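These notes concern the structure reproduced below.
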């Protein structure tokens, strides 16, 4: 079996397993939501019964606004956990095999960047899961990985070739690896932010979101915002190192730190947007929906930098 065939086989296996994980985790999230609704109804009934028996309304006030704590053990949860883990392993095998096939770090094309980025995003999700119950993030992250990896395999795939002269540098390992890790972290942060906004608007009475019962499985907007902030803060630090390493590499390769290349400009724009988000998040009056929207604008800019800028803008980074 050649490295090329192994990479191809492992990555398609990862696509299939991520898709299964997305479906299974969605079922589990729906089950958690149903359990929370049932627990809340039971608690209200108990409070009402106690109030009628004692004639005292204090118990009702004491329990108001409390989120029921429920744990749902289901086959769907086990399937989601195992397929996410095995999918990440296969994704990693596919990346390593591509590197063996290419004879260099597999980060020189959009295809290689994507297959590595989906691996990192899934690993970040698995690491966060070790610290806290974030089952509500699994459908979004595995769904994103399924789509991105599928596009990489069907649209972005390029046969392995030698590195262009500008990429024959150890800075390929330093600069691009940090950019990929930052992207993976920011993907998970973006999923948390989307859920934060959906839950916030739903709690605020937005009609169409009231019908999305599965949102009951997510924590409060404040908790989602705190998680998203931590992820975005880590991603921002990594993106700062990405921009700095890119500038040093540009000076080493082209004799200047900054040249207004489209990729350089967009990378700096992304940095500015996330810097504005972090500042806004810590400023009273901007926390909540406004800062969350800024974070999503930063993520859209990140995706545009990888897609639109790479494909339609000519510059020193057109090979990326």
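By how many nm would the segment from residue 251 to residue 12 lengthen if fully extended, with 0.36 nm per residue of separation less the alpha-carbon distance?
Details: separation 239, 0.36 × 239 = 86.04 nm, distance 3.86 nm.
Between residue 251 and residue 12, full extension yields 82.2 nm more.
Please work out, to two decimal places, the log10 of the ratio I(q)/I(0) at q = 0.07, 0.11 Å⁻¹ from a Debye calculation in which every Cα of the chain carries one identical scatterer. Each listed q maps to, in turn, -0.34, -0.75.
Cα-based radius of gyration for the range 159-271, normalised by 2.2 N^0.38 Å, reads 1.47. All Cα-Cα distances of the range 129-222, cut into 5 Å bins from zero to the largest, leave 2, 10, 14, 16, 16, 12, 10, 7, 5, 4, 2, 0 percent in each bin in turn.
Three semi-axes describe the equivalent ellipsoid of the range 1-162; taken as square roots of 5 times the Cα gyration tensor eigenvalues and ordered largest first, they are 47, 13, 11 Å. The GNM of the chain, with springs linking C-alpha atoms under 10 angstrom apart, assigns the highest mean-square fluctuation among 78, 255, 103 to 255. For residue 209 and residue 312, what is the calculated FRET efficiency with R₀ set at 30 Å and r taken between the beta-carbons, to the nearest 0.05? Efficiency for this residue pair is about 0.30.
Highest mobility in the GNM of the chain, judged by mean-square fluctuation with C-alpha springs under 10 Å and restricted to 49, 102, 88, is found for 49.
Spin-label model, residue 269 to residue 2: label points 7 Å out along the Cα-to-beta-carbon direction sit 4.0 nm apart. Once the Cα-Cα distance is subtracted from the 0.36 nm per residue extended length, the residue 132 to residue 287 segment shows a gain of 53.5 nm.
Could you give the C-alpha radius of gyration of the range 83-156 expressed as a fraction of 2.2 N^0.38 Å, taking N as the number of residues it contains?
Numbers: Rg = 12.7 Å, N = 74, 2.2 N^0.38 = 11.3 Å.
Compactness ratio reported: 1.13.
Per-residue ellipticity at 222 nm, computed for the chain from helices alone with -39500 (n - 2.57) per DSSP H run of at least four residues, works out to -25000 deg cm²/dmol. The modelled label-to-label distance for the pair residue 44/residue 169, using points 7 Å beyond Cα in the direction of Cβ, is 6.2 nm.
With springs only between Cα atoms under 10 Å, which of 186, 195, 156 fluctuates most in a Gaussian network model of the chain? With Cα springs under 10 Å in the chain, the top fluctuation among 186, 195, 156 is at 156. Pop the C-beta distance of residue 276 and residue 241 into the FRET formula with R0 = 25 Å and round what comes out to the nearest 0.05. Approximately 0.85, to the nearest 0.05.
Each value in this text was obtained by applying a stated rule to the coordinates, not by laboratory testing. Bear in mind that the values here come from a model prediction, so they are computed numbers and not experimental data. Ideal geometry is used to build each Cβ from the backbone, glycine not excepted, and the neighbour counts take in all protein chains shown.
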